[in-house]
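After the structure tokens below, expect a handful of questions from me.
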Amino acid sequence: MAERLILTINPGTTTIRIGLFEPQGPGVRPVLEETIELDETVMAGFATIAEQLPFRAEAVRSFLDAIPGGVRLAAVAGRGGMLTPVPAGVIAVNDDLVDFALHRPVHHHASNLGAPLAHRIAGAAGCPAFIVDPVSVDELPPVARVSGCPDIPRFSFVHALNIRACGRRLAASLGKPFGALNAVVAHMGAGISVAAIREGRIVDSTNRMENSPFSPERAGGLPPMPLIDLCYSGRFTKDELKRRLYGQGGVFAYLGTKDIRRVEAMIAGGDEPARLVWEAMVYQIAKAIGTMAAVVDFRPDGVILTGGMAHSERIVAALTDRVGALAPVTLYPGSHESEALALGAARVLAGVETARSWPVAPEVEALPW
């Protein structure tokens, strides 16, 4: 491959999604996208996420070395992990960011390896490394932070990478700048984020870990008083309860599966409990879309359905029926994270966006208490 390419790295629990893209100004042309499957037995032998770094880096290098003709890199863009609040956009990876992602993240998750992997591969290739729109992107105004309890301000934890990428796509299709777009975006995957975009900024969301509709594996927002009672019931340790709510909650807790295709097959077979859980999830997603529509004064330019569940014709039809009166519903099924990572790097390489340096604080006003 003669042209210099952008490499994207998106680590999962036992996978690494790899993408190669040719930069074309601020745009990109997809060249290759593959998923490296990692041996589950080997992965289980690592005590921490940080210990996985050398093994995963070697897997990426081996993958690149096997490409006929070799690969020349212009930049590497890694998935942003679970960081402290940051502004939207591209952040250049440095040693401090690598150290934070490996040893002091907000939550331990495989995505925290995106920046360290990008840093290692880019260092060997002599090119820059970036992360783009991590889940901790925080653009909430002060009014959206007030929760009702001064000890627990609301905060942003959202599928920002895919949500902003889909927002850019909708703005382009409407012939308007992203900075002028008002929209509601429902990212529906293993976790669900429903976000309000106002003038190109994610000014509110359901928060993918706290206040969202329940999802295939996450409990979402729960009534606080029974949850407090459960915390002190002695039935679970702290870690056990966290797993029950995040990873073993939602659809899985009721039906024993995280696969919505299987749930819909159960419904087709006459399983009424499965039908109820499916309808309740769609009901909550529709409610969240309505809530976020209020943030943009019930005048969004569009409603976007994205993420893996947007492949379900049944879910799309049900949601469109419920929320279609708000604005035209646009589908961007699946997750467009690899391309979104590459586009962020391409914008920096083309000089239309400047990468920020870590550490970086969000550009938001502080609360008065």
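The values are calculated or read from the model by the stated rules, or taken from the named source; none is laboratory data. These numbers were taken from a predicted model, which means no experiment stands behind them. Cβ coordinates were reconstructed from backbone atoms using ideal geometry, including for glycine residues, and neighbour counts include every protein chain displayed. Just the protein is used for accessible areas: all its heavy atoms, side chains included, with ligands, DNA and RNA removed. Shrake-Rupley method; radii C 1.70, N 1.55, O 1.52, S 1.80 Å.
Filter segment 90-103 down to the residues that are open to solvent by less than 20 Å² (accessible area, probe 1.4 Å) and either in contact with a Leu (Cβ under 9 Å, 6 or more places away or on another chain) or at pLDDT below 95 (or both) and list them by number.
Ile91, Leu97, Ala101
Please tell me if Ala59 is touching a residue at least 40 places away in the same chain (Cβ under 8 Å) and surrounded by 15 or more Cβ atoms within 10 Å (Cβ to Cβ).
For Ala59, the condition - touching a residue at least 40 places away in the same chain (Cβ under 8 Å) and surrounded by 15 or more Cβ atoms within 10 Å (Cβ to Cβ) - is met.
Just checking, does segment 29-47 include any residue being buried (at least 20 other Cβ atoms within 10 Å of the Cβ) and of a type in the set (A, V, I, L, M)?
Step one: list which residues in segment 29-47 are buried (at least 20 other Cβ atoms within 10 Å of the Cβ), which gives none.
So far as segment 29-47 goes, no, none of its residues is buried (at least 20 other Cβ atoms within 10 Å of the Cβ) and of a type in the set (A, V, I, L, M).
Does Met292 meet the test of being touching a helix residue (DSSP H, G or I) at 6+ places or on another chain (Cβ under 7 Å) and modelled with pLDDT of 95 or more?
no
Moving on. So, of the residues in segment 104-113 that are part of a helix (DSSP H, G or I) and among the hydrophobic types (A, V, I, L, M, F, W, C), which turns out to be surrounded by the most Cβ atoms within 10 Å (Cβ to Cβ)?
Result: Leu113.
Now a separate question. Tally the residues that are surrounded by 15 or more Cβ atoms within 10 Å (Cβ to Cβ) and part of a helix (DSSP H, G or I), restricting the search to segment 64-78.
Selection size over segment 64-78: 1.
For the list (1) part of a helix (DSSP H, G or I); (2) open to solvent by 40 Å² or more (accessible area, probe 1.4 Å); (3) free of Cβ contacts under 8 Å to residues at least 24 places away in the same chain, I need the number of the one condition that Leu241 fails.
(2)
Determine whether Ala350 is of a type in the set (Gly, Ala, Ser), exposed (fewer than 14 other Cβ atoms within 10 Å of the Cβ) and touching a Pro at 6+ places or on another chain (Cβ under 6 Å).
In short, yes.
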